[in-house]
C-alpha cells in the first residue's frame, strides 16, 4: 500500500480472503510499472525511490528499501498486473517462491493490481506461526485506519470475504475523515491542538479528559504522514494527561508531527514504524505542551466541548481547544519533494485541518 501511495494513487482497493491467509489483493490507480521493469520490482534491494545511500536520511517516499515485494514473492505466489500511461497495454508477471513462472503483455488499466496467495506455501513451518484469520484481519484493519487518517485525499475500499469492511470516499479534512472512522459520538468529545517551533509542527485531534478508553488502540501518531511507534512520544501523551485521567485509562489521539529533513531516522526497523528522532527530548516537550495547552489539561474544568461549528476566540501563541476558524484550520498538507509533506497556507475560508 505504501507503493500505491508513492505511485500517486487516488483509489486503493484491498480484497481479503480469510483475513489474507488465503489471499490478499491490492488494486490502485497509481502511475503503474513499465512492462520491462516488472521483474526488477521483485528483485531484492531494487528501488526507484532513492539514488544514493545519503538519501536514506531524507526519504520523502513511504517505501524505499526494495525489500517488500521481493520478500513476499520469495514465500508466496504473486500475480502482478500493471500499466503505465505511456504504454498501450499492460504487463503481467507471476512469481512463485521467488521464481518467475510467467511474464507477458496483458491488458490492464493504468495502475497496479497485486495478488498474494498461498503465503508460506514453501515454508510450512512458518505458516504455523500465523495468527487466526480474524486476528490477521484486525491487524490489517488497524493499518488501514492509520493510512486512511493520514491520506484523506485517497478513496479506501476494503473487502473482506463477502463483506465491505471499509468504504471511505476522499475527505476534505482530518476532521471529516476522523468522523467517518471514529464516529460522530466520539468526535463530540474531541478538540484540536497545535504548536509550531522552528522547523517543527505538531497538530491534530485529542479527546477531552472526560472521554477515555481502556487501551491505546485509538492513539495514532504520525511523523511526516507515516504512522510510527516511539516510546518517547507515547510517554509524552501519558505525561500530558497524567493529572486529569485515572490510571489505566487512555485518551483518543490523532497527532501529526512534521519534522525537517534529516531529523528523523525511519531506517530502524523493516516495518518502518519504529523511528529514531534526533531531537527526541525537544519533540517530547512540544507534544506534551501542545496537548496540555490545546486541551487546557491544567484546567480541565474550563475545557469546552467541540460543537463542530466555527466561531469563538482564542489566545495568541497558545494551542487552542475551541474549533475557531484560526490559521491552523486553514492549512493543509502538500507533498514537498524529498522533504516529505509540509504545511502550506490555503485561502481564507477554504480547506480544513490537514485538508
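A short reminder: the numbers here are calculations on the coordinates, not readings from a lab. Model, not experiment: these values are computed from the prediction. As a convention, Cβ positions derive from the backbone with ideal geometry for all residues, glycine included, and neighbour counts pool all protein chains shown.
In terms of overall dimensions, the C-alpha atoms belonging to region 2-168 reach 40, 38, 37 Å along their principal axes, ordered largest to smallest.
Here residue 210 and residue 43 are evaluated by their C-beta separation; at R0 = 41 Å the FRET efficiency comes out at 0.15. When you restrict to C-alpha pairs under 8 Å that are six or more residues apart and normalise by the size of region 123-225, the relative contact order lands at 17 percent. In plain terms, the chain from residue 86 to residue 279 could stretch by 65.1 nm, reckoned as 0.36 nm per residue minus the Cα-Cα distance.
Label-to-label distance for residue 2 and residue 217 is 2.5 nm, based on points extended 7 Å past Cα in the beta-carbon direction.
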